[in-house]
Amino acid sequence: MAGTKALLALDAAGISYRVHEIPADPGEIGYARAAAAHLGVDESRVFKTLIAMVDGEPVVAVIPASTQLSLKHIATAAGGKRAEMAKPVDAERLTGYVVGGISPIGQKRALPTFVDETAILHDTVFVSAGRRGMDVELAPDDLLRVIRATYASVGL
């Protein structure tokens, strides 16, 4: 299995993880929810990575598949007033990943990143490994450390 930028970043940081291959067709439910179903884990453990624009500046939100991003909460977490979702083409350009495979790890450039605080309720969480159909399982605090993120209440 070829290493993605996310896996290379985890290796470089000395972080322990497990890779999970997932059928890449999410159907109508989306990649993160499809991953949870395939892995047989609760959707609250599988996190999706979303890019929002807060006062015109990009930020990353990492939230459970079972929730939606609160634009109000992400704006507050980022110290801004107004947030909106980034266009898919902009999310891909900013992160270096394709939609459906955007990982919070190993992005093109470091963006302010907020992981929903519910991650701390689990021993391990799953995030995209940087390619559709591949997730990485790791401890939430290790995720936070490698992406230099902050825990915040950003999901609904």
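No lab work stands behind these numbers, since they all come straight from the coordinates. The shown structure was predicted, so the numbers you read here are calculated from the model rather than taken from an experiment. We place every Cβ from the backbone using ideal geometry, glycine too, and count neighbours over all the protein chains shown.
Odds and ends about this structure:
- A Förster distance of 22 Å, applied to the separation of the beta-carbon atoms of V89 and S153, puts the FRET efficiency at 0.15.
- Relative to its residue count, the stretch 5-152 spans a Cα convex hull of 95 Å³ per residue.
- Relative packing of peptides 100-106, 122-128 - highest average C-beta neighbours within 10 Å first: 100-106, 122-128
- Evaluated over the chain, the count of Lys pairs having alpha-carbon atoms less than 23 Å apart is 9 (only pairs 8 or more residues apart or interchain).
- Qualifying trypsin sites (Lys or Arg not before Pro) in the stretch 22-116, where qualification requires a DSSP coil assignment and no more than 16 other C-beta atoms within 10 Å, comprise K81, R82, K108, R109.
- Low-density loop cleavage sites - trypsin sites (Lys or Arg not before Pro) in the stretch 120-152, where at most 11 other Cβ are within 10 Å (DSSP): R148
- This ranking places T150, T4 by how few other beta-carbon atoms lie within 10 Å of each, fewest first, which gives T150, T4.
- Per-residue HN-Hα couplings for the stretch 136-153 [Karplus 6.51, -1.76, 1.60; θ = phi - 60°; Hz; x = Gly/Pro]: 10, 9, 7, 5, x, 5, 5, 4, 4, 5, 6, 9, 6, 9, 10, 6, 7, 7
- Per-pair calculated FRET efficiency, R0 = 25 Å: V99 and S16 via Cβ, rounded to 0.05: 0.35
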